[in-house]
1. Which residue pairs have Cβ atoms closer than 7 Å, lie 6 or more positions apart in sequence or on different chains, and pair a first residue in region B:86-110 that is within 8 Å of chain A (Cβ to nearest Cβ) with a second residue that is crowded, with 23+ Cβ neighbours inside 10 Å and assigned to a loop (DSSP other than H, G, I, E, B)?
2. Under 14 Å from the mean Cα position of the chain (by Cα), at pLDDT 95 or above and among the β-branched types (Val, Ile, Thr): which single residue out of A:THR114, A:THR57, A:THR75 fits that description?
3. Which numbered condition in (1) over 18 Å from B:THR95 (Cα atoms); (2) at pLDDT 95 or above is the only one that A:GLY1 fails?
4. Looking only at region B:5-21, filter to residues that are within 11 Å of the chain's Cα centre (by Cα) and either of a type in the set (D, E, K, R) or crowded, with 17+ Cβ neighbours inside 10 Å (or both); which one of those is farthest from B:THR104 (Cα to Cα)?
5. State the number of residues belonging to region B:31-43 that are at pLDDT below 90 and either within 15 Å of the chain's Cα centre (by Cα) or more than 11 Å from chain A (Cβ to nearest Cβ) (or both).
6. Scan region B:51-61 and tell me whether some residue there is buried (at least 21 other Cβ atoms within 10 Å of the Cβ), touching a residue at least 12 places away in the same chain (Cβ under 8 Å) and among the small types (Gly, Ala, Ser).
7. So in region B:63-108, with the set limited to residues that are of a type in the set (Val, Ile, Thr) and touching a helix residue (DSSP H, G or I) at 6+ places or on another chain (Cβ under 9 Å), which one is surrounded by the fewest Cβ atoms within 10 Å (Cβ to Cβ)?
Amino acid sequence: GAVVSQHPSWVICKSGTSVKIECRSLDFQATTMFWYRQFPKQSLMLMATSNEGSKATYEQGVEKDKFLINHASLTLSTLTVTSAHPEDSSFYICSAAGTSGSVGTDTQYFGPGTRLTVL
Amino acid sequence: RKEVEQDPGPFNVPEGATVAFNCTYSNSASQSFFWYRQDCRKEPKLLMSVYSSGNEDGRFTAQLNRASQYISLLIRDSKLSDSATYLCVVNQKGTYKYIFGTGTRLKVLA
């Protein structure tokens, strides 16, 4: 149980385009989803927290108009990187937390990540 | 001061060795503690939660010291496959928000 998927697993795009990344909890309902970014040899940095049906809460320094987050259902959240630039190239990882069956209430389960390269 | 601090390593140890990592946290309201393992270019995977009384899972033992605000991870009989980055994670009661340490890199050598 507690499987989280992400799509796509990697994407290469031109500067100025927008990229959408999907995060799905496959076997539990995720009341909260998180989006992280990880640069090489650095730890995960939380970008934003999203609760189903409400606006995301962004961490300091993260532009909400650039990184659009939608959490339309208890199993799906999307992150759209708008007008991507080379400095946005990174490893984007989502995680999900919720209360369903054996899923712990304070445990996050991570998706496999999306590697974004902006040319 | 960072909320969660770890020695980045790398720790280079021979196969079969015992190795221990420590992690300190600054927020005394932290309630839940975890060790995650992250392989290169992969997502973090939960290794074990850390309980107040300490807990063991096979070759892995985790300890929590609330008074000194640190947690530890002990790996016995290291295997080559243990080579990875070990992330210390804490969060506060009532929130799902995780605070990650920078990770400690372990290399087990043949």
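1. B:LEU87/B:PRO44; B:LEU87/B:GLY101; B:LEU87/B:GLY103; B:TYR96/A:GLN108; B:TYR98/A:GLN108; B:PHE100/A:LEU44
2. When all the criteria are applied, what remains is A:THR114.
3. Going through the list (1) over 18 Å from B:THR95 (Cα atoms); (2) at pLDDT 95 or above, A:GLY1 breaks only (2).
4. So the first thing to find is which residues in region B:5-21 are within 11 Å of the chain's Cα centre (by Cα), and the list is B:5-7, B:20-21.
Right, trim to either of a type in the set (D, E, K, R) or crowded, with 17+ Cβ neighbours inside 10 Å (or both) and you get B:5-7, B:21.
On the way: B:GLU5: 10, B:GLN6: 6, B:ASP7: 6, B:PHE21: 8 Å.
So, considering only residues that are within 11 Å of the chain's Cα centre (by Cα) and either of a type in the set (D, E, K, R) or crowded, with 17+ Cβ neighbours inside 10 Å (or both), the one farthest from B:THR104 (Cα to Cα) is B:GLU5.
5. Going through region B:31-43 one residue at a time, the tally reaches 1.
6. Within region B:51-61 (the criterion being buried (at least 21 other Cβ atoms within 10 Å of the Cβ), touching a residue at least 12 places away in the same chain (Cβ under 8 Å) and among the small types (Gly, Ala, Ser)), the answer is no, since none of the residues qualifies.
7. Among those that are of a type in the set (Val, Ile, Thr) and touching a helix residue (DSSP H, G or I) at 6+ places or on another chain (Cβ under 9 Å), it is B:VAL108.
Conditions (1) under 26 Å from B:MET48 (Cα atoms); (2) among the hydroxyl-bearing types (Ser, Thr, Tyr), marked per residue:
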position: A:GLN38; (1), (2): yes, no
position: A:MET47; (1), (2): yes, no
position: A:GLU52; (1), (2): no, no
position: A:SER73; (1), (2): no, yes
position: A:GLU87; (1), (2): no, no
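The values are calculated or read from the model by the stated rules, or taken from the named source; none is laboratory data. In this text, all values refer to a predicted model and were calculated from it rather than measured experimentally. Because the Cβ atoms are built from the backbone with ideal geometry, glycine has one as well, and the counts that use them run over all protein chains shown.
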